[in-house]
1. Being open to solvent by 30 Å² or more (accessible area, probe 1.4 Å) and touching an Asp or Glu at 6+ places or on another chain (Cβ under 9 Å) is the filter here; which residues of the stretch 116-137 pass it?
2. Determine which single condition Glu98 fails, assuming it passes every other condition in (1) surrounded by fewer than 13 Cβ atoms within 10 Å (Cβ to Cβ); (2) on the phi > 0 side of the Ramachandran plot.
3. Select, from Leu22, Leu34, Leu80, the only residue that is under 16 Å from Pro146 (Cβ atoms) and open to solvent by less than 40 Å² (accessible area, probe 1.4 Å).
4. Given the conditions (1) surrounded by fewer than 15 Cβ atoms within 10 Å (Cβ to Cβ); (2) in contact with a helix residue (DSSP H, G or I) (Cβ under 6 Å, 6 or more places away or on another chain); (3) modelled with pLDDT under 85; (4) not polar (S, T, N, Q), and given that Arg201 satisfies all but one, which numbered condition is not satisfied?
5. Going by the conditions given, is Thr147 polar (S, T, N, Q) and surrounded by 17 or more Cβ atoms within 10 Å (Cβ to Cβ)?
6. Can you name every residue in the stretch 21-35 that is outside any loop (DSSP other than H, G, I, E, B) and either modelled with pLDDT of 90 or more or closer than 14 Å to Trp153 by Cβ (or both)?
7. If Gly175 satisfies every condition in (1) surrounded by fewer than 16 Cβ atoms within 10 Å (Cβ to Cβ); (2) touching a Gly at 6+ places or on another chain (Cβ under 8 Å); (3) of a type outside the set (Phe, Trp, Tyr) but one, which is the exception?
8. So if I check each of Phe156, Phe165, which one is modelled with pLDDT of 90 or more, part of a helix (DSSP H, G or I) and open to solvent by less than 40 Å² (accessible area, probe 1.4 Å)?
Amino acid sequence: CGLFGELSRDCIVWYIRLLGGLDIRRESHPSLNLPSRKAGALLTVLVRYPGKKYAREQLAAMLWPDSQHTSARGSLRQTLKQLRQLFSVPGEEAIVVESENLTIDPSLFEIDAVRFGELVERATRADLEDAAALYQGDFLAGFADPTEPFAEWATFERMHLRERFVTVLEHLLHGGLSDDQSSRALQRVVSLLSQDSLDERLHRILMELYLEHGHRSAALMQYRS
């Protein structure tokens with residue numbers, strides 16, 4: 001099994017898409033509907049770095065910053081219960097509770113943002129092409145951040161992943177892109193620039209992509225812009 005890459009074991013995998021929005025599904029099943037934005041935020045934190053342990057206090061403070069300690073802990077407990085029920089699989093514990101710490105079983109999840117990072121680290125030409133194809137948009141695009149602490153965390157992750165994506169495109173452009181790869185890259189760069197029009201690297205990449213497509217006039221217009 002494996003949607004974003006290869007997995008070595010026969011398993012029931014939850015596929016989590018974080019790049020371009022939040023989408024959760026299991027194998028060929030329809031997308032999973034989460035009970036609340038807080039549930040989506042909690043799940044996102046847990047799966048972003050599979051296997052990392054998070055203290056209940058840390059998560060309660062991030063997701064219920066305006067609540068009293070006892071109330072925040074109770075809200076976390078209720079949201080966690082909902083998530084564990086949604087991801088319930090006989091014989092498997094997708095979300096693992098260890099006393100005061102929470103984590104996930106990495107073998108049961110395949111996460112596009114994690115796979116993207118692995119491909120970028122390996123950095124062969126084929127890996128970078130796969131990474132560029134995997135980047136469907138910004139981290140949690142369109143997801144309404146439920147609290148300011150979570151929003152700050154998500155913004156950092158968004159900027160980090162976007163920076164890595166831009167670096168991937170720069171490396172790939174030096175070796176040339178196929179028409180299909182170039183078209184996809186052009187669409188994503190235009191989308192990113194619509195959100196951050198002051199990113200000079202994106203403007204430069206866009207001009208190079210226009211030139212690759214033979215659109216010299218569009219490249220000149222972009223330069224003047």
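1. Selection gives Glu118, Glu121, Gln136.
2. Failed condition: (2).
3. Unique residue meeting the criteria: Leu80.
4. (3)
5. yes
6. Asp23, Ile24, Arg25
7. Unmet condition: (2).
8. That would be Phe165, the only listed residue that is modelled with pLDDT of 90 or more, part of a helix (DSSP H, G or I) and open to solvent by less than 40 Å² (accessible area, probe 1.4 Å).
The values are calculated or read from the model by the stated rules, or taken from the named source; none is laboratory data. It should be emphasised that the depicted structure is a prediction, and the values quoted were computed from it without experimental measurement. Here Cβ is always computed from backbone atoms with ideal geometry, including for glycine, and neighbour counts include all displayed protein chains. What goes into the accessible areas is simple: the full protein's heavy atoms, side chains included, and nothing from ligands, DNA or RNA. Shrake-Rupley method; radii C 1.70, N 1.55, O 1.52, S 1.80 Å.
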